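The values are calculated or read from the model by the stated rules, or taken from the named source; none is laboratory data. If you're wondering where the values come from, they're calculated on a predicted model, not measured in any experiment. Positions of Cβ are backbone-derived with ideal geometry, glycine not excepted, and every protein chain shown enters the neighbour counts. Note: areas computed on protein heavy atoms with side chains; ligands, DNA, RNA excluded. Shrake-Rupley method; radii C 1.70, N 1.55, O 1.52, S 1.80 Å.
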Amino acid sequence: MPWTKNDYPDSFKNLDSDVREKAIEIANALLREGNEEGRAISIATAKAREYVQGDNPETQTTYEAFARDDDWILMKKNGERAIFKEKTKHELLEKAKPYVNEHNGSLTIYHEDGSHEQTLYA
């Protein structure tokens with residue numbers, strides 16, 4: 001089902017309207033080409049930002065979400081202080097995704113054992 005200005009993925013809701021509209025356009029094109037929905041959303045978000053704002057994923061700030069002791073932490077890559085600390089991964093990601101999105105960064109998420117789970121280009 002194609003997305004519209006009024007019906008789009010939740011991850012697009014915090015994007016600037018210009019970026020959101022371009023992301024919808026790109027995501028719909030990717031879906032027509034047979035891409036999986038999650039991949040289309042991720043690619044469309046990054047490409048729309050790059051197109052509208054000139055963002056380059058290689059120069060974006062990278063944030064990391066990982067387990068430390070009994071908590072889940074959000075930090076800038078190579079940072080010294082936690083931005084957010086929550087008891088569960090789900091609680092942390094609820095705060096981390098909008099934060100990283102607002103700061104035009106990318107989010108690397110790790111499993112509890114420290115292995116890489118996924119990278120989101122917010």
* For the subset of the range 62-86 comprising residues that are of a type in the set (Phe, Trp, Tyr) and touching a residue at least 40 places away in the same chain (Cβ under 8 Å), which member is nearest to residue 105 (Cα to Cα)? -> 63
* Asked: residue 4 fails exactly one of the following numbered conditions: (1) polar (S, T, N, Q); (2) exposed (fewer than 15 other Cβ atoms within 10 Å of the Cβ); (3) modelled with pLDDT under 90. What is the number of that condition?
  -> (3)
* Asked: Got a number for residues in the range 83-122 being among the aliphatic types (A, V, I, L, M), in a loop (DSSP other than H, G, I, E, B) and open to solvent by less than 50 Å² (accessible area, probe 1.4 Å)?
  -> 1
* Just a yes or no: is a residue in the range 23-36 open to solvent by 60 Å² or more (accessible area, probe 1.4 Å), assigned to a helix (DSSP H, G or I) and not hydrophobic (A, V, I, L, M, F, W, C)? -> yes
